[in-house]
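Below is one structure, written out as structure tokens, with a few remarks after it.
All of the numbers you see were taken from the coordinates with simple rules; none came from a lab. Small disclaimer: the values here were computed from a predicted structure and weren't measured. FYI the Cβ positions are ideal-geometry reconstructions off the backbone, even for glycines, and counts take in every protein chain you see.
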Amino acid sequence: MRDLAIITFLTLDGVMQAPVQPEEDLSGGFTQGGWSADYFDGVMEQVNEEAMAAPVDLLFGRKTYELFAAHWPHVGDDNLHARILNNANKFVATSTLSRLEWSNSKPITGDIVEEVSRLKKQDGPLLQVHGSWQLAQTLLAHELIDEFRLWVFPVVVGSGKRLFNQDVVPTNLTLVKTKANSNGVVMSIYRR
């Protein structure tokens with residue numbers, strides 16, 4: 001058995017949509033993409049330390065997979081983040097992609113809840129979901145997330161895709177660790 005963790009950047013008002021690039025996800029008329037860029041100093045080092053220090057397997061939704069696969073295979077292995085991501089096993093929830101070019105990538109199709117439950121029952125490292133809003137909503141609805149590793153940025157964008165929307169199943173979480181960066185970004189790790 002292994003746990004599943006959500007790794008995501010959030011605005012102070014809970015939006016996780018398009019944190020890195022302005023054109024990353026324009027769905028719903030979202031125009032605030034790239035909201036995390038001004039705060040990256042110290043954050044990526046903390047992500048490496050808190051989310052990437054141990055071996056992991058990755059679970060992606062199709063859109064996030066495509067964003068990552070377009071970038072990380074082209075970054076040299078001298079970059080720690082690239083080395084970890086490129087060498088990890090990657091499972092991709094997709095009904096449209098038939099070929100996955102990024103190394104160690106495998107599609108998961110059909111009943112995603114059943115497939116993720118099966119993955120969690122296997123031996124292996126922590127399963128991490130990076131971004132992947134639609135997949136995260138499915139995992140939340142079926143209570144498949146064991147841990148939330150959240151980086152909350154001191155930014156308010158108003159509308160956008162929220163990790164915890166109005167359909168979330170009520171639950172209590174335990175704060176395991178928290179740390180503020182000097183730029184105002186707060187990392188919090190919660191367990192179910």
Simple label model, 7 Å out from Cα along Cβ direction - LYS179 to ASP146, nm: 2.2
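Taking K and R as +1 and D and E as -1, what net charge do the other residues with C-beta under 10 Å from the C-beta of LYS63 add up to?
Values: positive: ARG62; negative: GLU24, ASP25, GLU66.
Local charge sum for LYS63: -2.
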In the stretch 1-63, GluC sites (Glu not before Pro) in a DSSP loop with at most 14 other beta-carbon atoms within 10 Å: GLU23
Residue order, fewest to most beta carbons within 10 Å, for VAL155, VAL15, VAL186: VAL186, VAL155, VAL15
DSSP-defined beta bridges in the chain - what % are antiparallel, rounded to 5: 35
Choice from ASN172, ASN86, ASN104 with maximal GNM fluctuation in the chain (Cα, 10 Å cutoff): ASN172
Magnitude of the charge dipole, the chain, Cβ model with Lys/Arg +1 and Asp/Glu -1, debye to 20: 380
For the stretch 11-65 and the stretch 114-136, distance of Cα centres in Å: 18
GNM result for the chain, Cα springs below 10 Å: residue of SER159, SER98, SER36 fluctuating most strongly: SER98
Nonlocal amide H pairs with LEU58, under 5 Å, H built at 1.01 Å: ASN89, LYS90, PHE91, GLN128
Förster radius 41 Å - calculated FRET efficiency between SER117 and HIS74 (Cβ-Cβ, nearest 0.05): 0.75
Scattering profile of the chain at q = 0.08, 0.16 Å⁻¹ [log10 I(q)/I(0), Debye over alpha-carbon scatterers]: -0.24, -1.09
Cα-only Debye scattering, the stretch 39-139: base-10 log of I(q)/I(0) at q = 0.15, 0.18, 0.21 Å⁻¹: -0.61, -0.88, -1.18
Footprinting exposure proxy for LEU4, LEU85 (fewest neighbouring C-beta atoms within 10 Å first): LEU4, LEU85
Residue-count net charge about SER105 - beta-carbon cut-off 13 Å; Lys, Arg +1, Asp, Glu -1: +1
Per-selection Kirkwood Rh - the stretch 1-42 (Cα, Å, 1 d.p.): 11.5
